[in-house]
1. Given labels modelled 7 Å from the Cα in the Cβ direction, how far is it in nm from Leu93 to Thr13?
2. Can you give the charge dipole size of the chain about its Cα centre, rounded to the nearest 20 debye, using +1 on the beta carbon of Lys and Arg and -1 on the beta carbon of Asp and Glu?
3. Identify, among Ile60, Val76, Gln24, the residue whose Cα sits farthest towards the positive end of the charge dipole of the range 2-99, taking +1 on the Cβ of Lys and Arg and -1 on the Cβ of Asp and Glu, with the dipole about the Cα centre.
4. Given Cα pairs under 8 Å that are at least 6 residues apart, what percent is the relative contact order of the chain?
5. Given charges of +1 on the Cβ of Lys and Arg and -1 on the Cβ of Asp and Glu, with all other atoms neutral, how large is the dipole of the range 93-169 about its Cα centre, in debye to the nearest 20?
6. How would Ser127, Ser42 line up from fewest to most surrounding beta-carbon atoms within 10 angstrom?
7. With charges only on Cβ, +1 for K and R and -1 for D and E, what is the dipole size of the range 1-79 about its Cα centre, in debye, rounded to 20?
8. Mind giving me the nanometre distance, one decimal, between the label points for Ile150 and Glu133, set 7 Å out from Cα along Cα→Cβ?
Amino acid sequence: MTSMLSNISRAITKFSYMASKETQGRLAKMQKNPLEIFMDTSQYLELLNELKRNVVEKSILIKDPEKTIHQIDEIVNSIPSLSSDLKDLEDELSQLESSVNSNNMRYLDETKAKAQRYEKYYSECISNIEETEKNIDEIDSSLTVLKQRIEDNALYVTNRKYSILRPQE
């Protein structure tokens, strides 16, 4: 339905310029949520027929009016079968939902919640590791500065150059 409506979007846009606020709202709703058409089929069939009438009467000037009229007719003609298909799918979904074991659904929900807790814990651990690495780098930098100050002070006091060796990592 979305692709079918996108084929006539230019005509819908031009039609909305001259339509009432209420009609503009229905047109926008029809384009944003095409399933809305199946909630009140007669209202949207009337709207599409009005759009077609405006194209036929050339109240709306578009590049290829014959093609647009044909596309509107395709949409109007496909609505009953698509509506029936949608109802069948909704019935099937309802049957599937009613056949699902509630214990399995509860277990699934608990597993999802546990996975979210573990993901949060994992994220916190990663943050802690990054913070610890940052602190280690800061301490290492401070140690280097202190080592240099000690060596400089030892040189000053003894007039001999001493070096502090750090163990190999």
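All of the numbers you see were taken from the coordinates with simple rules; none came from a lab. Quick caveat: nothing in here was measured; it's all calculated off a predicted structure. Counting neighbours? That spans all protein chains shown, and the Cβs are built from the backbone with ideal geometry, glycine included.
1. 3.1
2. For the chain, the charge dipole is close to 740 debye.
3. Looking along the dipole axis, the top candidate is Ile60.
4. Numbers: 64 pairs, mean separation 28.5, N = 169.
Contact order relative to length: 17 percent.
5. 280
6. Starting with the residue having the fewest Cβ neighbours, the order is Ser42, Ser127.
7. Dipole about the Cα centre, nearest 20: 320 debye.
8. 2.8
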